[in-house]
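Engineer: Submitted below is the structure of interest, expressed as structure tokens.
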Amino acid sequence: MVAPHLAAVFTKLQTLSTSDYASVVSMNIFVALLCACIVIGHLLEENRWMNESITALIIGVFTGVIILLTSGGKSSHLLVFSEDLFFIYLLPPIIFNAGFQVKKKQFFRNFITIMLFGAVGTLISCTIISLGVINFFKEMDIGSLDIGDFLAIGAIFAATDSVCTLQVLNQDETPLLYSLVFGEGVVNDATSVVLFNAIQSFDLVNTSPRILLEFIGSFLYLFLASTMLGVIVGLVSAYIIKKLYFGRHSTDREFALMMLMAYLSYIMAELFYLSGILTVFFCGIVMSHYTWHNVTESSRVTTKHAFATLSFVAETFLFLYVGMDALDMEKWRFVSDSPGTSVAVSAVLMGLVMVGRAAFVFPLSFLSNLAKKSASEKISFREQIIIWWAGLMRGAVSMALAYNQFTRGGHTQLRGNAIMITSTITIVLFSTVVFGLMTKPLIRFLLPHPKPTASMLSDQSTPKSMEAPFLGSGQDSFDDSLIGVHRPNSIRALLTTPAHTVHYYWRKFDNAFMRPMFGGRGFVPFVPGSPTERSEPNLPQLQ
């Protein structure tokens, strides 16, 4: 009796050992592919057509072909996609670094326009795509999809991926355009995820005006609560580091605390069913404004490059996996009997994406221009075309949301779900490769020689984005005499120049209350002989 039992145990252990070894081999190959993406992307950096995203996608597709041939057509990827892997481990460093590295002066100078594009525009795009698929898909044989699936499709394909465009744009040459494309991309992703979660959490079969109001209220609550949580965690990290001054003992502790507090903001948002994207983005902005100025000089260099590196590796990982997963036979097997249906669905969705994008970019740009008096601050028609083009590409967020809605544990069991997954993969590949390849030539054609602007000249004093304070400081903020707002003291000034007036009062409040409490530029802890004290001996103490 004992011998057969031991034999079974040994067999099980041997199976586990084989499985573990296969996982190690898969991880080795995947890491080697990441290295190849970095090397080849560097070699093609000056190429007119290619960029790092397209490079990773193409390498992923070629790798998928090789794996498919060696496995006899069973699989095309080394790892099984998991929404948890994306949302818990890969997305946080990407979004946090976006907030941590953003040029805050440009971002908040155009904050109203960014929110119009990123929040209102995403809602418009989602509505158009949802209404379109409801009307078109009823005429197609794509399986059983309900109203919740149609609305989820709207949220999935409203999520843009402007990485290709941002890799071409230069934020010093075209600060307004870069700020709008970058800011809208982050707010768009956050809005899409919040909208997707709100759709999943409501019973949309029995709709009524009360349900609609509850849906809108839930959306606004998620948006505002997520933002506040990120700001609070960022301020707490700044206060702790300012008071305890870890750098006297260990740079590693400073960096570790910043990294863990940033991740804590994200997982706290998930714990309270909020939007982790919004939370970690605003946590990054607050940390770069307060916390980053409280640490030692070595910690500043470490944090800046470490967060950028984590974000870069995560983005490369995602595009590499999407390329490999594009050839997964399990999904394509369901649509092999009717490939024309899958092509038609992809074409309809791509058309709706383009129409939904145009439906808000040009009208909202017109409204934004009406509120601006300076010609240099208005969005030209050529810039509007680039903003429209930048949002046509779909990427990792759309993939992750599609997997979340239409698969279970990375596997697809229904024909309608398989069609949606394969269509999403098709659109991600087509939009990223085709539109991405045309991005550089398009931008060079529309903006051949960008003219220097006042904002470019003002930003030259701050070559690194990390040196720019939250909304500008005494040495690199707006000159009030240039913008016609000199000590605004009435509601009339707020109505005529809202962004500059809010900036003026925020700067006074920040200098008087926030920086003395939470630190920041000019309010670093004074410790004689410390690296911080030696590196900034002449910084003015703002009062």
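Engineer: Considering only protein heavy atoms and a probe of 1.4 Å, how much of the accessible area of region 57-446 is carbon and sulfur, as a whole percent?
Structural biologist: Here it works out to 69 percent.
Engineer: Would you mind calculating the gained length between Glu297 and Tyr221 on full extension (0.36 nm times residue separation, minus the Cα-Cα distance), in nm to one decimal?
Structural biologist: Computed gain between Glu297 and Tyr221 is 23.5 nm.
Engineer: At R0 = 56 Å, how high is the FRET efficiency between Glu214 and Leu244 if r is their beta carbon distance? Nearest 0.05 is fine.
Structural biologist: FRET efficiency, Glu214 to Leu244: 0.80.
Engineer: Provide the gained length on full extension for the span Ser23 to Asp252, in nm with one decimal, where the gain is 0.36 nm per separating residue minus the Cα-Cα distance.
Structural biologist: Length difference between fully extended and current span is 79.3 nm.
Engineer: For region 149-160, take each phi angle, set θ = phi - 60°, evaluate the Karplus expression 6.51 cos²θ - 1.76 cosθ + 1.60, and give the result in whole Hz per residue in order, putting x for glycine and proline.
Structural biologist: 5, 5, 5, 5, 4, x, 5, 4, 8, 7, 7, 8
Engineer: Using 7 Å Cα-to-Cβ label points, what is the Leu271/His305 separation (nm, one decimal)?
Structural biologist: Output for this residue pair reads 3.4 nm.
Engineer: Same structure, new question: Tell me the per residue accessible area of region 57-446 using a 1.4 Å probe; a whole number in Å² is fine.
Structural biologist: Roughly 38 Å² per residue, with all protein chains present.
Engineer: Pull out the extension gain between Leu43 and Leu79, defined as 0.36 nm times the separation in residues minus the alpha carbon to alpha carbon distance; nm, one decimal.
Structural biologist: Extra length from Leu43 to Leu79 when fully extended: 10.3 nm.
Engineer: Convex hull volume of the Cα atoms in region 57-446, per residue, in Å³?
Structural biologist: 149
Engineer: Packing-wise, with mean Cβ within 10 Å as the measure, how do 285-294, 114-123, 169-178 rank, highest first?
Structural biologist: 285-294, 114-123, 169-178
Engineer: Taking amide H positions as placed in the peptide plane 1.01 Å from N, state which residues far from Ser275 in sequence (5 or more) or on other chains have amide H under 5 Å from it.
Structural biologist: Answer set, sorted by chain and number: Ser226.
Engineer: Enumerate the residues in region 427-449 having an amide nitrogen under 20 Å from the point lying 7 Å beyond the Cα of Ser380 toward its Cβ.
Structural biologist: From region 427-449, the list is 439-449.
The values are calculated or read from the model by the stated rules, or taken from the named source; none is laboratory data. Worth saying up front: this structure is predicted, and the values here are computed from it rather than measured. Please note: Cβ atoms are built from the backbone with ideal geometry, for glycine as well, and neighbour counts cover all protein chains shown. Only protein heavy atoms, including side chains, enter the accessible area calculation; ligands, DNA and RNA are left aside. Shrake-Rupley method; radii C 1.70, N 1.55, O 1.52, S 1.80 Å.
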